[in-house]
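Nothing in this text is a laboratory measurement; each read-out follows from the coordinates by a stated rule. The model shown is predicted, which means the values in this text are computed figures rather than measured ones. Cβ atoms come from the backbone with ideal geometry, glycine included; neighbour counts cover every protein chain shown.
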Amino acid sequence: MVYINWEECSSVVHLPQLKWYSVPSLIDYLHGLRSYIIHGSRKDLTLPVLSSTPVPASKTQRYEGFYVSEAVGDYGYKLDELNLKLNTLSNNGCHRWLSSSEAELKALGMVNDMIKAIESHVDVMDQCTFEARYGLVWNTALQDKQEHDVKTCPNIFCRAYNNTTRSVL
């Protein structure tokens, strides 16, 4: 099974450096940031890290799951803005003394807005949206024919099909 037009879709193939984030890992990251901001004075909390991946598909690997890309919508900018705000909080230590500081509230608002956007599927790509966006076509017909021989299959439906085709001949 392959994407039959992978090479023609140059925007996917030729930009493997773009960062993609799985939605579950992004949500975990945002929840970790929320805890870090709210409980910033605790010594046992460390700033969470968000891991990215290259495009989660290839010519022979079909896109699966839910991802956001730094290049689709505002996720790249929002993550950069949030990291900048967190660096400001961490470097000047204002979150240690002012629990309701404007910077903390702004960062919490950004986390909340991103979680709401994910829940609303704003710029979140699943298999259908990914393939439609990049015009990709997944071909399963060739392999399905090679893997499944109706004539030798013990499945009751395949036997019925065989009996139907024999009676026609």
Practice problem: Please give the peptides 113-120, 79-86 ranked by average Cβ packing (other Cβ atoms within 10 Å per residue), highest first, as a rough proxy for protection. | Solution: 79-86, 113-120
Quiz item: Which log10 I(q)/I(0) values, to two decimals, does the range 2-143 give at q = 0.10, 0.11, 0.20, 0.22 Å⁻¹ under the Debye formula with one point per Cα?
Solution: -0.42, -0.49, -1.13, -1.30
Quiz item: By count of other Cβ within 10 Å, fewest leading, how are Leu136, Leu45 ordered?
Solution: Leu45, Leu136
Quiz item: Cα-based count: Lys pairs in the range 2-143 below 23 Å, eight or more positions apart or different chains?
Solution: 11
Self-check item: Exposure proxy order (Cβ contacts within 10 Å, fewest to most) of Tyr36, Tyr67
Solution: Tyr36, Tyr67
